[in-house]
Amino acid sequence: MAIPIWVAAHSVAARSNGHVDLTLSAPSSTHETSEAAPEGNSGLPDVLLIVTDDQRVHTIDWMDVVTQRVIGRGCRFTNGMIPTSVCCPSRASMLTGLFAHSTGVWSNGRSDDMPDTGGWPVFHEGGLEDRTIAAWLQQAGYRTVLVGKYLNGYDDSPAGYVPPGWDRWHAFAVRNGAYFDYVLRHTDGSETSHGQATRDYSTDVLARIAEREIRNAPSDQPLFLMFTPFAVHGPATPAPRHAGTATVGPFVAPHVNEADVSDKPPWIAELSLASIDRITQQRRSSQEALRSVDEAIDTLLDGLEEHRQLDETLVVFTSDNGHFWGEHRLRGKNMPHNASSRVPLAMRWDGHIEPGTEDRRLALNIDVTATILDAVGVTPADAIEGVSLFGYDEREGFTVESPVTDGSDGSGQKVARPGYCGYRTRRFLYVRYSGGIEELYDYRSDPLELTNVAGDPAQADQLTWMRARTDEQCQPRPPGYVW
């Protein structure tokens with residue numbers, strides 16, 4: 001049976017609660033992914049999903065192309081959020097539209113203590129590769145393409161392995177990603193090695209491959225392209241042409257190397273101060289590395305404009321998680337605080353999203369999945385937990401969750417902490433660590449998370465409510481977590 005085709009119509013209205021409502025009119029029918037793909041797919045929008053690595057929320061302001069050609073022509077979501085703020089769990093959630101407690105992907109890889117909690121092997125062995133956004137869109141007739149980083153641990157896959165759901169494949173293999181000295185695995189299972197020459201800089205290589213995929217894609221088939229460069233994963237390395245071009249200075253803020261952390265959990269209170277020189281260098285190299293990403297996006301948008309229909313393409317820009325730059329003395333990620341859990345998120349879809357708008361709703365990585373499916377009219381055969389950002393729906397809040405970490409966050413800092421469950425709303429963050437230590441922050445009065453008010457009698461009712469929501473929503477518990 002052929003899947004019916006429809007053209008979405010949207011209207012945009014400002015509301016008093018401060019978000020932009022992207023209202024998707026109900027199609028005459030939707031695409032059921034269990035049915036056969038249609039012959040010809042005119043009328044379905046192309047989708048370009050760009051996911052950077054470890055990018056902090058405000059660094060999107062350093063990207064002129066994103067600012068002008070995505071945000072300027074679309075909408076910026078100021079509360080883009082990640083429930084489990086580490087690479088593989090976040091990417092697994094974005095691919096499936098499920099929280100970490102539903103995917104079972106809790107970490108970047110297996111460990112001796114928790115052998116079945118993380119990385120590509122858990123995703124693969126759990127059968128999740130058969131129920132990704134790529135698989136659903138492929139079944140609906142899309143040409144699906146991935147260029148860049150897939151999942152941590154994919155280097156453990158069998159030689160030549162390409163996941164189901166992807167028509168075209170160009171992913172980091174052998175290593176999980178790098179700027180130089182890396183291997184890419186391609187659609188037919190073949191691999192190409194790249195060295196240290198200037199033209200091997202991975203963001204540029206991936207941009208050339210992605211632009212070629214756009215150019216060569218059949219004109220009568222809709223395109224889903226997921227572009228996932230390694231940048232700005234540390235140590236951030238700029239392309240040679242951008243080295244030394246940074247304009248940012250030292251990172252100075254009250255919560256950087258926070259003077260009084262007596263209200264924080266003990267593993268934070270025991271941390272040494274972060275090196276301001278190191279953080280400054282990280283800021284500068286991140287800005288320089290993002291210049292290549294910005295140029296790559298420019299290339300892809302130009303390719304869509306020249307070879308397809310950019311004005312009928314849904315463009316989504318985001319990151320897999322944020323990153324600490326010394327806030328609360330922390331470096332790395334995998335904590336529930338703003339620096340780690342907030343990410344840049346912007347969307348453009350000409351004629352459907354009002355240019356230059358801002359949306360303050362909570363918008364999760366799993367909501368990106370739901371939004372894309374909603375925009376193209378695909379109803380997946382499998383349940384998802386994301387909420388489409390088209391329409392008037394607004395999350396009350398969401399669970400934050402993570403298992404115990406041994407401190408291997410990639411920053412050189414060892415932060416051994418217990419697992420946590422918590423609940424985040426636009427105004428409050430509540431965290432309960434394994435064993436019962438609690439944090440509560442009120443962003444209205446304390447946007448920098450300087451004062452933990454979990455012990456404040458004036459917040460007793462709020463604490464009780466958020467504790468109950470956490471207990472209800474954080475199910476199943478993270479591995480090893482004890483309430």
Residues being open to solvent by less than 40 Å² (accessible area, probe 1.4 Å), within 14 Å of Val70 (Cβ to Cβ) and either in contact with a Pro (Cβ under 7 Å, 6 or more places away or on another chain) or assigned to a helix (DSSP H, G or I) (or both) - total across the range 283-316: 11
Some residue of the range 224-247 being over 21 Å from Phe324 (Cβ atoms), touching a Gly at 6+ places or on another chain (Cβ under 6 Å) and among the polar types (S, T, N, Q): yes
Count - residues of the range 233-274 that are over 24 Å from Asn452 (Cα atoms) and either of a type in the set (Asp, Glu) or in a loop (DSSP other than H, G, I, E, B) (or both): 15
Selection count, the range 179-193, where residues are outside any strand (DSSP E or B) and either open to solvent by less than 20 Å² (accessible area, probe 1.4 Å) or within 18 Å of Val105 (Cβ to Cβ) (or both): 2
Test: Ala171 is closer than 18 Å to Val293 by Cα, at pLDDT 95 or above and in contact with a Lys or Arg (Cβ under 7 Å, 6 or more places away or on another chain): yes
Residues of the range 444-483 satisfying the condition of being open to solvent by less than 50 Å² (accessible area, probe 1.4 Å), in a loop (DSSP other than H, G, I, E, B) and either under 24 Å from Ala100 (Cα atoms) or out of contact with any strand residue (DSSP E or B) (no Cβ under 7 Å at 6 or more places or on another chain) (or both): Asp446, Cys474, Pro478, Pro479, Tyr481
Test: residue in the range 360-369 that is of a type in the set (Asp, Glu), under 14 Å from the mean Cα position of the chain (by Cα), crowded, with 24+ Cβ neighbours inside 10 Å and in a loop (DSSP other than H, G, I, E, B): no
Criterion (at pLDDT 95 or above, part of a helix (DSSP H, G or I) and farther than 17 Å from Gly303 by Cβ) met by exactly one of Arg199, Arg208: Arg199
In the range 269-323, residue farthest from the chain's Cα centre (by Cα) [restricted to those that are closer than 30 Å to Phe251 by Cβ and basic (Lys, Arg)]: Arg278
Enumerated strands (runs of 3 or more DSSP E) restricted to the range 9-88, each holding at least 3 residues that are open to solvent by 10 Å² or more (accessible area, probe 1.4 Å) and modelled with pLDDT under 95: 10-14, 20-24
Out of Ser319, Ser286, Ser292, sole residue that is touching a helix residue (DSSP H, G or I) at 6+ places or on another chain (Cβ under 9 Å), more than 16 Å from Val57 (Cα to Cα) and of a type outside the set (Val, Ile, Thr): Ser292
Looking only at the range 100-119, and only at residues there that are in contact (Cβ under 8 Å) with a residue 60 or more places away in the chain and crowded, with 24+ Cβ neighbours inside 10 Å, the one that is nearest to Glu312 (Cα to Cα): Ala100
Residue tally, condition among the aromatic types (Phe, Trp, Tyr), over 18 Å from the mean Cα position of the chain (by Cα) and open to solvent by less than 10 Å² (accessible area, probe 1.4 Å), over the range 155-178: 1
Matching residues, the range 218-239, being open to solvent by 10 Å² or more (accessible area, probe 1.4 Å) and either within 30 Å of Glu312 (Cβ to Cβ) or in contact with a helix residue (DSSP H, G or I) (Cβ under 6 Å, 6 or more places away or on another chain) (or both): Pro218, Ser219, Asp220, Gln221, Met226, Phe230, Val232, Ala236, Pro238
Residue that is closer than 18 Å to Tyr441 by Cβ, out of contact with any strand residue (DSSP E or B) (no Cβ under 8 Å at 6 or more places or on another chain) and assigned to a loop (DSSP other than H, G, I, E, B), where the choices are Glu385, Glu396: Glu396
Unique residue being β-branched (Val, Ile, Thr) and more than 22 Å from Ser262 (Cβ to Cβ) when the list is Thr405, Thr451: Thr405
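The values are calculated or read from the model by the stated rules, or taken from the named source; none is laboratory data. As the structure is a prediction and not an experimental result, all values here were calculated from the model. Glycine also receives a Cβ, built like all others from the backbone with ideal geometry; neighbour counts cover every protein chain displayed. The area values use the complete protein model at the heavy-atom level, side chains included, leaving out ligands, DNA and RNA. Shrake-Rupley method; radii C 1.70, N 1.55, O 1.52, S 1.80 Å.
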